[in-house]
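Structure first, then comments.
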Amino acid sequence: MVIPAHIAIIMDGNGRWAEEKGLPRREGHKAGVKALKRVTEKAGELGVSCLTVYAFSTENWKRPGAEVNFLMKLFKQTLLEQARDLFENNVRVKVIGRREGLSKGILQSISEVEGLTADNQGLELNIAFNYGGRLEILDMIRKIITEIDRGLNPDQLKVEDLNKYLYNPSYPEVELLIRTGGEKRLSNFLLWQSAYAEFYFIDKYWPDFTGDDLLEAIRVFQIRDRKFGGLNKAGGK
Ligand code: IPE
Ligand code: IPE
Ligand code: MG
């Protein structure tokens, strides 16, 4: 059974999950954290090497202040509360996205969790927080321009070389991209890394997503014919 090396998830539908139950949206976000815990454990058991989840986009600042504040608080609290479990489950946590704009308290909790889990060898969990794909590409271009100023020859740059300018230079290409909640769009997530990702859309809201749903997405991935522009499987002639 081929397990995709890098799975990315757009965890969407928290608000609608709550609204349909007559609950405030924040209850949906809280339930979303529980779903993330289940799915992270399942991904670790299945031997996925890298899981990247979209927790807060650079566009999510447009939401009402009270919801944004709640999401900031929830993120910080979750990092601190889950740090020990993540460490014990051998998960290596990285937070990707713009650090500018995040509070000192959040930056502190990010450093704590990243530091605590840095030497773990199991699942790599990238949490995209204050993340935007276009901004990541802009930040990449800025780093490259700085290197050109220092003598890098632009004619020598190859596509593979560019990975090292991403927020996490070690992430493999996204192989499977899952979006819950019924929408069929990328919403500025991992634009560069998803060039040849297989997309899997599911109507279920994120808080209802289970380990078995992850397994089903992987099964669907396994029967896709990935051609990479060639004519046969795996891009052959
Ligand atoms: C995804 O759920 C979580 C975040 C964007 C933070 P939403 O909050 O977008 O839920 P819906 O799409 O409104 O249901
Ligand atoms: C994408 O969901 C961002 C996250 C899941 C964090 P949104 O709910 O923000 O996306 P749009 O606005 O429906 O495209
Ligand atoms: Mg949404």
Checklist entry - Which percent of the accessible area of the chain is formed by carbon and sulfur heavy atoms (probe 1.4 angstrom)? => result 53
Item to check | Label point distance in nm, Leu138-Phe228, each placed 7 Å from Cα along Cα→Cβ | outcome: 3.2
Checklist outcome for this item: Exposed chymotrypsin sites (Phe, Trp or Tyr not before Pro) being those in a DSSP loop with at most 15 other Cβ atoms within 10 Å, the longest stretch of the chain free of them is 1-195
Checklist entry - Modelled label-to-label distance, Ala5 and Leu157, 7 Å Cα→beta-carbon offset: nm? => result 2.3
Checklist entry - How high is the relative contact order of the stretch 102-237, given as a whole-number percent (alpha carbon pairs under 8 Å, six or more residues apart)? => result 18
Checklist outcome for this item: Placing each pseudo-label 7 Å from Cα in the direction of the beta carbon, Phe201 and Arg63 end up separated by a distance in nanometres of 2.2
Checklist entry - How about the stretch 26-130: which GluC sites (Glu not before Pro) there lie in a loop by DSSP and see at most 13 other Cβ atoms within 10 Å? => result Glu59, Glu100
Next on the checklist: Which residue fluctuates most in the GNM of the chain (Cα springs below 10 Å): Gly101, Gly115, Gly151?
Outcome noted: Gly151
Checklist entry - Pairs Lys42/Lys76; Lys37/Lys158; Lys21/Lys73; Lys34/Lys158; Lys37/Lys227; Lys104/Lys204: which exceed 30 Å Cα-Cα? => result Lys37/Lys158; Lys34/Lys158; Lys37/Lys227; Lys104/Lys204
Checklist entry - Can you work out ³J(HN,Hα) from phi for every residue in the stretch 68-83, in order, using Karplus 6.51 cos²θ - 1.76 cosθ + 1.60 and θ = phi - 60°, giving whole Hz and x for Gly and Pro? => result 4, 4, 5, 5, 5, 5, 5, 4, 4, 4, 5, 4, 5, 5, 8, 3
Next on the checklist: With a 1.4 Å probe and all protein chains left in place, how much accessible area per residue does the chain have, in Å²?
Outcome noted: 52
Item to check | the chain: relative contact order in percent, alpha carbon pairs under 8 Å with at least 6 residues between | outcome: 28
Checklist entry - What trypsin sites (Lys or Arg not before Pro) does the stretch 47-127 have in DSSP loop regions with at most 13 other beta carbons within 10 Å? => result Arg99
Checklist outcome for this item: In deg cm²/dmol, rounded to the nearest 500, the helical mean residue ellipticity at 222 nm of the chain, built from -39500 (n - 2.57) for every DSSP H run of length 4 or more, is -13500 deg cm²/dmol
Next on the checklist: Looking at the chain as a GNM with Cα springs under 10 Å, which of Leu23, Leu186, Leu135 has the largest mean-square fluctuation?
Outcome noted: Leu23
Checklist entry - Let a ≥ b ≥ c be the square roots of the eigenvalues of the Cα gyration tensor of the stretch 154-237; is it rounded (a/c under 1.5), or, if not, prolate (a/b larger than b/c) or oblate? => result oblate
Checklist entry - Which part of the stretch 41-77 falls in the paramagnetic zone of Asn168, meaning amide N under 14 Å from the point 7 Å along Cα-to-beta-carbon? => result 41, 43-44, 48-56
Next on the checklist: Run through the stretch 180-237 and list the GluC sites (Glu not before Pro) located in a DSSP loop whose Cβ has at most 15 other Cβ atoms within 10 Å.
Outcome noted: Glu183
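The values are calculated or read from the model by the stated rules, or taken from the named source; none is laboratory data. For clarity, every value in this text was computed on a predicted model and none was experimentally measured. Because the Cβ atoms are built from the backbone with ideal geometry, glycine has one as well, and the counts that use them run over all protein chains shown. Accessible surface areas use protein heavy atoms only, side chains included; no ligands, DNA or RNA. Shrake-Rupley method; radii C 1.70, N 1.55, O 1.52, S 1.80 Å.
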